[in-house]
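Below is one structure, written out as structure tokens; comments come after it.
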Amino acid sequence: MSQREPTGIVFNIQRFTVHDGPGIRTEIFLKGCTLRCKWCSNPESQSPRREPGVYITKCIGLDHCGLCSQACPTGSILREEHGFVTAIARDTCAHCMRCTDVCPANALKSWGVEMTADQVMEEILADRPLMERSGGGVTFSGGEALFQFDFLMELLRRCRAKELHTCVETALHVPQDHLAQTVPLTDLYIFDIKDISSQRHRAFTGAGNELILDNARFLSRTGKPMVVRIPIIPGHNDMEENILGIRDFILQEMEHKPLQIQFLRFRRLGEEKYASLGMPYVMTEEVERAEFEQHVHHLVSLMTQAGLPAVAGTTKPIAGLSGGTP
Amino acid sequence: MSILHACGNDPYDKEYGIAVSALGENFSPYERTNQLLKQLHDTPYTVDDQRAMLVTEAYDRFRADPQIIKVAKTLKYVLEHVDIHIYPGELLVCGNGAPMKSCPIFPEFSYAWVADEIRTFPFHVREMQKYEPQTKEQEERLLSIEEFWRDNTVDDYSCARMTPEEIRASQMGYGLFVNTIILRAGVGHTSPNYRRLLAKGFGGLRRDVEEKLKALDRTDPDALQKIYYYQASLIVLEGAEAYCRRYAKLALEQAKTASPERAAELEEVARVCNHIAVEPPRTFREALQLFLLGTAIVVTEANGQSISYGRFDQFMYPFYRHDIETGTATKQEIEMLIELAFIKLTGMQKLRDKNAVKQASGRGLGGDCMTVGGVDRRGLDATNDLTFLVLDARNHTRLISPWMAVRMHKNTPWELKVKVANSIRIGTGEPKIFNDEVAIPAGLGKGYSLEDARDYTVVGCVEIDAAGYEYGCHDATYFNVSRVLELAINDGKWLHDDVQMGPHTGYLKDFTSFDQVLDAFDIQMKYFVDLMVSSINTIEEVHKEYKPLPYLSLLIDNCIESGRDVTAGGAKYNLTGPQALALGTAADSLSTIKQLVFDEKTITAQTLIDALKANWEGYDTLYRLVNSDKVHHYGNDDDYADELAKFVFDTYCKYVEKRPNVRGGRFAPGVYSVAGNVPHGMVQWASADGRQAYEPVSDCIGAVHTHVASHDIKGPTAMLNSVAKLDHERAGNGTLLNWKFNPSCVQGETGRNNLIALLDMIIDKKVMHSQFNIITREQLEAAQKDPEKYKHMLVRVAGYSAYFVDLGVNLQRDIIERTEFSFD
């Protein structure tokens, strides 16, 4: 049997990202996730399969276009009274993506494309001079970057061969032996600790936090540079007690400390993407921004008072990380 | 203090805010600057009739003289008689034949539109760039000279000589190319030899001319024209001296009634003006005053666009060094003087006709570019303390003038990169970045010596110029390559109009291969480039005959040496630069045809032509498809489309480069639109890139953005890789890439350093010229809604910045629709 070129499902490649690791980077978003966070701003990243997204306002009308209905083998294109595509019948959709191939208006968009490792590398290498100039590199994200583990390993190995700086952004809800295999090929980890209470963690993400914390302990023993992120979700995990718990975990249980602890303020993002997937958007509560901002800064200060390098947001320079032109 | 390694006055890494533009006040640490800025902003825009009247009188009085003597005497007459002004608090003086923020009129170039607008659409009823109402007397005076100038201007003489084919292809017909700039006003687009002016002073120039004149034999018939030329030179020098002395006299008069403190300032103004009336300057202030008056006279002689200020940090440096070393002035005093000079430059204004205003450019003289940084004549980094002071003076004033260009190269020091990045982040769109690594080879390609190529300056929006040695006619014409394609697929006819414009090259439906499309494009291109070249030569010939420029010629080498005016080929380098525009539109149109009609055969040629003829109406599916990422588009680092852009670029350059011009020099192509993509689009039918009729075409060398989609979707690095595939060195007259960044992605030190990394890449990848808007769509839309509040919001247009609220609605919309790069 001939060796098949390794492939993966990529839902986005963003060149010139600047906040997920040092310098100017190309970020590869791999599809599929082990968690289902209520506040997830990339719902299209969750399922490992390719799936069609629907942008109703872009549809030019089934009556004088209709290419999607003609292409669909299962009759899953749903129309509303004015003749525009309104949704995909998810229960019958065969995920063949023919509708997105023919839609001229980008009203039907494929979330995720199948790419070979060669194709991904070609896209990465196009910006290599800029990465070198800026002290940047490649960041693998998701979804869960380790969900498509074999594909990730293949890409990491190829990046290593090209001497590119690599960063893996993970939720850490992954098998530890997988994580261990990425260590020699990864220069920086960015991971979340969302909640110190496993019960709350399970309620909001669908899984407890034991594996995550254990992986965090494990990674901290490797001495690899790490950045910890805490998404601050009002009414979910933004209580002092949670932050103090995470603080104590970092202080007491992580052998090498993270280079930076970044507090990510919740923003109502991704609502349109939820709609495109026919998924309900549950984070509809309005947040009073000024008050929230103040609260986040208070939470940050809980960490900094304990001597930890915590900041609000992802744009502050990270001490100990090379990046930017000297 | 070592001045050699200094980085200006403000700390080199001082931040001035992000996307704050010129909103707010008191940007300067100097109270006098802030006061004079306020005085400038509070002065209304007006139109002045005095220069027009004086020129008319002079042309009448000196009508028997040879043309060059006549224009010289006219300039002298204006300099001796026009009202001059010294405003409260000023330490530096100059004017272009009108009061502060008032436009003089230049009837010798074109006049019919002036009289017409006064009668039917006075300057104060304009929607954009309006002026205070003129008095009844002013209007009557201006109308009284209409008859004198009827069929008696550069415009009239040129039009009379053009062929019907040239007229039909130009703005007077179907607007495939537009040469209004050199037709209706002075050619401009030049940078005087300030080194020579400052080294010799008016007196030294006078001695040079006298010596040459003495050597000529009046009985030699071949010497006559040269004698006239030198006589004209002496006449304008008398005018220049008189002009300086008039300012000195006015200062002393004002001193009589001024407070003791102000009287002392005015006496110093008088001393400086009297000194530089003949003698070369010794101090920075004297040099700066001579720079200002020397430039103002160039502007007064011929209101050309883009009279540029050269490498200011280089030619002023000896005076700066002198002052610092001798303790004559402090860094702070010098920085403030530069700021005051910028205020004086912005006080000079130019009147444009109502259509020009509606379509494009902002206020000010236009194109008055100042260049700093870069390498010296030996190829070594030339950054000095003044480089930083000039950029800071600009950050402290944030005015229309001067337009600011920074030359960068692979050895540009880190501190200057930081200063540049922090200046860009303010969001006024200044400065623009020129790449020595491309511009110098491009200069060599234009025939410059290596030293002159290294010493280039930026003229106007985009053009590289051998400052002081070149008369480059850089903005000769804008030529729409996407309309050539329209004719190439329709047998030489427009799609919506049956006029046979070009040669018969067949219909798209009859072509059996894509190569036939390219061949037809090539043939049409040659035909229309020929028409453009002949029409430009016609206009330049008229300038030579009717409007020689003896004063400017004093400041361009080798005019004095050769005894010839710049318009007659006296300069060391004589180039003519017409620009191709709509590169992206043409490339994506070709891509549509290649992919859909020939490669994939998803549509027939006839369907595409029918859709275009119908302006896409009834062809929604195709229209969306062509605007989607399912079709290859230029600007995404995708060779399929980028190769087509390269083909268009090379085809245009091939037919323009090395054509002879009327001054004994040759043509040098440029590829950019500045803001011309909007008016050119306004006369153009639908195109195959997914553009509807009358939408703007693509700007400069950027990607297509139509009302429904931006065609570049892969971010700034992909765009950079696409444009890097073009042969920028071949476009000796310049190229330009516009960048628009969301402020959030250049925030903080990280953002600053990433911007610097991008600048480094632009240098590495040999992209000639880039400029940046750091602004959000929301800010621009807010400014459209509340122009009063945002009246000082400067934004990048293309090659220049302008007050957003002063721009035509279509151009505003075009800027808003340019792809905004934001990451994260």
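The values are calculated or read from the model by the stated rules, or taken from the named source; none is laboratory data. Since we're looking at a predicted model, the values are computed, not measured. Here the Cβ is made from the backbone with ideal geometry for all residues, glycine too, and neighbour counts use every protein chain on show.
Data for the structure
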read-out: Some residue of the stretch B:193-200 being under 25 Å from the mean Cα position of the chain (by Cα), closer than 28 Å to residue B:369 by Cβ, not in a helix (DSSP H, G or I) and not aromatic (Phe, Trp, Tyr); value: yes
read-out: Single residue of the stretch B:623-634 satisfying the filter (part of a loop (DSSP other than H, G, I, E, B) and either modelled with pLDDT under 95 or within 21 Å of residue A:108 (Cα to Cα) (or both)) that is nearest to the other protein chains (Cβ to nearest Cβ); value: B:628
read-out: Residue B:404, sole failed condition from (1) crowded, with 20+ Cβ neighbours inside 10 Å; (2) part of a loop (DSSP other than H, G, I, E, B); value: (2)
read-out: Sole residue being more than 14 Å from chain B (Cβ to nearest Cβ) and in contact with a Phe, Trp or Tyr (Cβ under 6 Å, 6 or more places away or on another chain), chosen from A:112, A:142; value: A:112
read-out: Residue within the stretch B:584-606 that is without any contact (Cβ under 8 Å) to a residue 12 or more places away in the chain and away from chain A (no Cβ under 14 Å) present; value: yes
read-out: Residue that is among the acidic types (Asp, Glu), over 27 Å from residue B:196 (Cβ atoms), part of a helix (DSSP H, G or I) and out of contact with any Ser or Thr (no Cβ under 6 Å at 6 or more places or on another chain), where the choices are B:268, B:238, B:286, B:261; value: B:261
read-out: Residue check, residue A:150 more than 14 Å from chain B (Cβ to nearest Cβ) and either under 29 Å from residue B:755 (Cβ atoms) or surrounded by fewer than 19 Cβ atoms within 10 Å (Cβ to Cβ) (or both); value: yes
read-out: Matching residues in the stretch B:416-436 - criterion: being assigned to a helix (DSSP H, G or I) and either of a type in the set (A, V, I, L, M, F, W, C) or modelled with pLDDT of 95 or more (or both); value: B:416, B:417, B:418, B:419, B:420, B:421, B:422, B:423, B:424, B:426, B:436
read-out: Odd one out for residue B:465 among (1) within 22 Å of residue B:758 (Cα to Cα); (2) surrounded by 23 or more Cβ atoms within 10 Å (Cβ to Cβ); value: (1)
read-out: Odd one out for residue B:648, checked against (1) in a loop (DSSP other than H, G, I, E, B); (2) farther than 27 Å from residue A:24 by Cβ; value: (1)
read-out: Failed condition for residue A:77, given (1) within 13 Å of chain B (Cβ to nearest Cβ); (2) more than 21 Å from the chain's Cα centre (by Cα); value: (1)
read-out: Pick from the stretch B:718-745, criterion surrounded by fewer than 24 Cβ atoms within 10 Å (Cβ to Cβ) and over 26 Å from residue B:687 (Cα atoms), ranking: farthest from the other protein chains (Cβ to nearest Cβ); value: B:730
read-out: Some residue of the stretch B:119-132 being free of Cβ contacts under 8 Å to residues at least 24 places away in the same chain and assigned to a loop (DSSP other than H, G, I, E, B); value: yes
read-out: First in the stretch B:16-40 and without any contact (Cβ under 8 Å) to a residue 60 or more places away in the chain, second anywhere and in a loop (DSSP other than H, G, I, E, B) and of a type outside the set (S, T, N, Q), Cβ under 6 Å, 6 or more apart; value: B:35/B:89
read-out: Candidate set: the stretch A:1-14, residues that are closer than 18 Å to residue A:111 by Cα and at pLDDT below 95; chosen: the one surrounded by the most Cβ atoms within 10 Å (Cβ to Cβ); value: A:11
read-out: Total residues in the stretch B:278-318, condition touching a Cys at 6+ places or on another chain (Cβ under 6 Å) and under 12 Å from residue B:341 (Cα atoms); value: 3
read-out: The stretch B:248-284 - residue that is surrounded by 24 or more Cβ atoms within 10 Å (Cβ to Cβ) and not aliphatic (A, V, I, L, M) and, of those, nearest to residue B:206 (Cα to Cα); value: B:273
read-out: Flag for residue B:758 being closer than 21 Å to residue B:703 by Cα, outside any loop (DSSP other than H, G, I, E, B), within 14 Å of chain A (Cβ to nearest Cβ) and out of contact with any Lys or Arg (no Cβ under 6 Å at 6 or more places or on another chain); value: yes
read-out: In the stretch B:312-356, the residues that are touching a residue at least 60 places away in the same chain (Cβ under 8 Å), within 29 Å of residue B:101 (Cα to Cα) and β-branched (Val, Ile, Thr); value: B:343, B:346
read-out: Those residues of the stretch A:15-38 which are of a type in the set (A, V, I, L, M) and either at positive phi or buried (at least 22 other Cβ atoms within 10 Å of the Cβ) (or both), in sequence order; value: A:18, A:24, A:28, A:30
read-out: Single residue of B:87, B:77 found to be surrounded by fewer than 20 Cβ atoms within 10 Å (Cβ to Cβ), closer than 30 Å to residue B:541 by Cβ and of a type in the set (Phe, Trp, Tyr); value: B:77
read-out: Filter result for residue A:218 (among the hydrophobic types (A, V, I, L, M, F, W, C), surrounded by fewer than 17 Cβ atoms within 10 Å (Cβ to Cβ) and more than 19 Å from residue A:42 (Cβ to Cβ)); value: yes
read-out: Identity of the residue in the stretch A:111-141, in contact with a Lys or Arg (Cβ under 6 Å, 6 or more places away or on another chain) and over 23 Å from residue A:320 (Cα atoms), that ends up surrounded by the fewest Cβ atoms within 10 Å (Cβ to Cβ); value: A:121
read-out: Within the stretch B:439-487, strands (runs of 3 or more DSSP E) holding 2 or more residues that are closer than 28 Å to residue B:525 by Cα and either among the basic types (Lys, Arg) or out of contact with any Asp or Glu (no Cβ under 7 Å at 6 or more places or on another chain) (or both); value: B:463-465, B:478-480
read-out: Residues of the stretch A:15-57 classified as over 12 Å from the mean Cα position of the chain (by Cα) and within 14 Å of another protein chain (Cβ to nearest Cβ), total; value: 13
read-out: Subset of the stretch B:49-96 (residues that are within 26 Å of the chain's Cα centre (by Cα) and either of a type in the set (Lys, Arg) or modelled with pLDDT under 95 (or both)); value: B:51
read-out: Subset of the stretch B:764-799 that is surrounded by fewer than 21 Cβ atoms within 10 Å (Cβ to Cβ) and closer than 24 Å to residue B:436 by Cα - its residue that is farthest from the other protein chains (Cβ to nearest Cβ); value: B:766
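Each row is one residue, and each column tells you yes or no for (1) within 14 Å of chain A (Cβ to nearest Cβ); (2) under 16 Å from residue B:695 (Cβ atoms); (3) surrounded by fewer than 19 Cβ atoms within 10 Å (Cβ to Cβ).
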{"position": "B:582", "(1), (2), (3)": "no, yes, no"}
{"position": "B:609", "(1), (2), (3)": "no, no, yes"}
{"position": "B:615", "(1), (2), (3)": "no, yes, yes"}
{"position": "B:650", "(1), (2), (3)": "no, no, yes"}
